[in-house]
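**Q** Sharing a structure here in structure tokens format.
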Amino acid sequence: MNADNLRALQAPLKEQYRAAPDAAMVTLRAEGRLGEGLTCKVATGKALVEAGLHPATGGDGLSACSGDMLLEALVACAGVTLQAVATALGIALRDGTVRAEGDL
């Protein structure tokens with residue numbers, strides 16, 4: 001994807017948002033179902049992930065840690081946004097790393 005492709009992709013959206021600003025409001029949602037023991041099953045759009053307690057809080061390590069999932073989502077959002085903005089500005093990124101960390 002280059003800047004021209006990205007502009008062409010986003011042009012109709014930007015025009016729609018100028019004409020109807022309320023259309024730019026997007027509500028993201030997530031839902032989970034309580035699972036066995038201390039777990040929660042979350043549909044990610046690609047797979048069903050079973051989240052559970054981190055081992056430092058009593059988890060067995062077999063389930064995904066919800067704290068890790070939160071950080072992973074933040075890293076994904078920042079990485080995609082960084083690439084989109086760089087593309088729009090015509091900045092070629094050769095490599096990059098996005099990190100997030102949190103303390104329990």
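The values are calculated or read from the model by the stated rules, or taken from the named source; none is laboratory data. From a predicted model like this one, the values you see are computed outputs, not experimental measurements. Glycine also receives a Cβ, built like all others from the backbone with ideal geometry; neighbour counts cover every protein chain displayed. Side chains included, ligands, DNA and RNA excluded: accessible areas come from the protein's heavy atoms. Shrake-Rupley method; radii C 1.70, N 1.55, O 1.52, S 1.80 Å.
**Q** Within the range 63-104, can you find the residues that are hydroxyl-bearing (Ser, Thr, Tyr) and either surrounded by 13 or more Cβ atoms within 10 Å (Cβ to Cβ) or within 12 Å of the chain's Cα centre (by Cα) (or both)?
**A** Ser63, Ser66, Thr81, Thr87
**Q** Kindly list the number of the only condition in (1) closer than 18 Å to Cys77 by Cβ; (2) open to solvent by 90 Å² or more (accessible area, probe 1.4 Å) that fails for Ala24.
**A** Looking at each condition in turn, Ala24 falls short on (2).
**Q** In the range 1-59, what residues are of a type in the set (Ser, Thr, Tyr) and either in contact with a strand residue (DSSP E or B) (Cβ under 6 Å, 6 or more places away or on another chain) or closer than 30 Å to Ala84 by Cα (or both)?
**A** Tyr17, Thr27, Thr39, Thr44, listed by residue number.
**Q** Given the criteria assigned to a helix (DSSP H, G or I) and modelled with pLDDT of 95 or more, does Val75 qualify?
**A** The answer is yes for Val75.
**Q** Would you confirm whether any residue within the range 48-62 is exposed (fewer than 11 other Cβ atoms within 10 Å of the Cβ), more than 25 Å from Asn5 (Cα to Cα), touching a Cys at 6+ places or on another chain (Cβ under 9 Å) and modelled with pLDDT of 95 or more?
**A** Scanning the range 48-62 turns up no residue that is exposed (fewer than 11 other Cβ atoms within 10 Å of the Cβ), more than 25 Å from Asn5 (Cα to Cα), touching a Cys at 6+ places or on another chain (Cβ under 9 Å) and modelled with pLDDT of 95 or more.
**Q** Separate question: Under 8 Å between Cβ atoms, which residue pairs at least 6 apart in sequence (or on different chains) link something in the range 14-40 that is free of Cβ contacts under 8 Å to residues at least 40 places away in the same chain with a partner that is open to solvent by 100 Å² or more (accessible area, probe 1.4 Å)?
**A** Within 8 Å, the pairs are Cys40/Arg33; Cys40/Leu34.
**Q** Only one of (1) in contact (Cβ under 8 Å) with a residue 60 or more places away in the chain; (2) of a type in the set (S, T, N, Q); (3) closer than 28 Å to Ala43 by Cβ fails for Thr87. Which number is that?
**A** Evaluating Thr87 over (1) in contact (Cβ under 8 Å) with a residue 60 or more places away in the chain; (2) of a type in the set (S, T, N, Q); (3) closer than 28 Å to Ala43 by Cβ leaves (3) as the failure.
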